[in-house]
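Each reported figure results from applying straightforward, stated rules to the coordinates on display, with no laboratory input. Computed from a prediction, not measured in an experiment: that's the story for all the values here. Neighbour counts run over all protein chains shown; Cβ positions are idealised from the backbone, glycine included.
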Amino acid sequence: MASIGQIVNPTSGSDALARARQRASLVPDCLVEAKRIANTVIAGWHGRRKRGIGENFWQFRPYTEGESLARIDWRRSARDDHTYIRDREWEAAHTIWLWADMSPSMMYKSTFGSVSKESRALVIMLALAEILSRSGERVGCPGVMEPISARNAAERLAAALMHAPFTGGLPETSMIRGWSDLVLIGDFLDDAQAVMARLSPLARRGLRGHVIEVADPAEELFPYSGRTEFSDPETGLKLTSGRAENVRDAYTRAYLARRDDLGQALRHLGWTFISHRTDHLASEALVAVHMYLSGMPAKATHGGQL
C-alpha cells in the first residue's frame with residue numbers, strides 16, 4: 001500500500017519498543033475524543049430494547065451457520081424458503097470483545113485524511129467501550145483485558161492498551177467463548193481469503209462478528225501521478241512508478257474487488273461488515289456497529305459501506 005509518512009518498520013526489538021511508546025502516547029488523546037463522540041451519539045438516542053437472553057419474544061431473524069438448531073422457529077420458517085431464529089429480549093449482560101489492529105500499516109495518514117487509521121480505530125474502539133459499559137455490558141479486548149462490567153471500562157481499556165505489548169495482525173482468540181460478540185477494527189489489506197481463513201473458524205464456534213474496515217481516502221482514490229515511490233510499511237519493500245496515474249484504474253478495481261470479496265464472505269457467515277474512511281465522522285461507524293450489536297438493521301451511511 002502506498003505510504004507517504006513516518007512509518008516504523010518493526011524489524012527489531014527497538015523498533016517494536018518505539019512503536020509501543022508511540023501507541024501509548026496516542027491513547028490518551030484518543031480516549032478524550034472517544035468520550036466526546038460517545039456523549040454526542042448517546043445524546044441523540046432514546047432508550048431501545050435489545051435482543052438477547054430472556055423470556056420475552058423480541059424478533060425473528062435469519063438463521064446463520066453455527067447457531068443451535070434448537071433456536072429455530074420452524075412454524076415461522078415454514079412460511080417461506082428461509083430459516084429463522086426466534087430471538088428473545090435482552091435480560092442479562094452480554095460479552096463484547098473489542099480489538100483494533102495496531103500494525104504499522106495502520107499508522108498511514110495521507111493529506112486527504114483527517115487522522116491516521118490507527119487513531120481512528122482506537123477512537124471507535126474506546127467510544128464503543130464507553131457506550132457498551134454504560135449499558136451494563138461486559139467489555140474485553142483479546143490478549144489485553146479480560147471482560148469487565150464497569151462504568152469506567154473505556155478508561156481501563158485505554159490504560160491496558162498503553163501497557164500492552166506491540167503485536168500486529170489478527171488477535172489470539174482462544175480465550176473467547178461462544179455466543180459472544182467480537183468487533184474487529186483494522187484496514188484488512190491482506191487477501192480476503194487469508195482473512196477469512198482466520199475468521200471462519202470463529203463463526204463456527206458461535207461468535208457473532210462485526211468487522212470495521214478503516215481506510216485512508218488516498219488508499220481508495222489513488223490520487224497519485226507522475227514519478228511516485230510506494231513503500232510497504234510491513235516489510236519495507238519499495239516500488240517506484242514512473243507514471244503512477246497509468247495504474248490508477250487497475251489499482252482501484254483490485255482494491256474495491258478485495259473489499260467486496262471480504263464483505264460478501266463475512267455476510268455469508270452471518271457477520272457484519274462496515275467500510276469507513278478517515279475523512280468521514282467516526283460517529284458514522286460507531287452508530288452502525290452499535291445498531292448491529294443491538295440486533296437492529298443498520299442503513300448505509302455516507303462514510304461507510306454496510
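State the extension gain, in nm to one decimal, for the chain segment bounded by H82 and R205, taking 0.36 nm per residue of separation less the distance between their alpha-carbons. Intermediate results must be reported in sequence, preceding the final value.
On the way: separation 123, 0.36 × 123 = 44.28 nm, distance 2.22 nm.
Contour length minus the Cα-Cα distance gives 42.1 nm.
Can you give the extra length, in nm with one decimal, that the chain gains between A43 and T252 once fully stretched, where that is 0.36 nm per residue apart less the Cα-Cα distance? Don't skip to the end; give the middle numbers.
Working: separation 209, 0.36 × 209 = 75.24 nm, distance 3.82 nm.
Taking A43 through T252 to full extension adds about 71.4 nm, to one decimal.
Report the gain in length on full extension from S149 to R198: 0.36 nm times residue separation, minus Cα-Cα distance, nm rounded to one decimal. Intermediate values should be presented prior to the final figure.
Details: separation 49, 0.36 × 49 = 17.64 nm, distance 2.80 nm.
Going from the current span to full extension adds 14.8 nm.
Around A100, what is the net charge, scoring Lys/Arg as +1 and Asp/Glu as -1 over all other residues with Cβ under 11 Å from its Cβ?
Working: positive: R23, K117, R120; negative: D101, E118, D187.
Spelling it out: positives minus negatives among the neighbours equals 0.
For the ranges 207-220, 73-86, what's the packing order if you count other beta-carbon atoms within 10 Å of each residue, average per peptide, and put the highest first?
Numbers: 207-220: 22.9, 73-86: 12.8.
Going by the mean number of other Cβ atoms within 10 Å, highest first, we get 207-220, 73-86.
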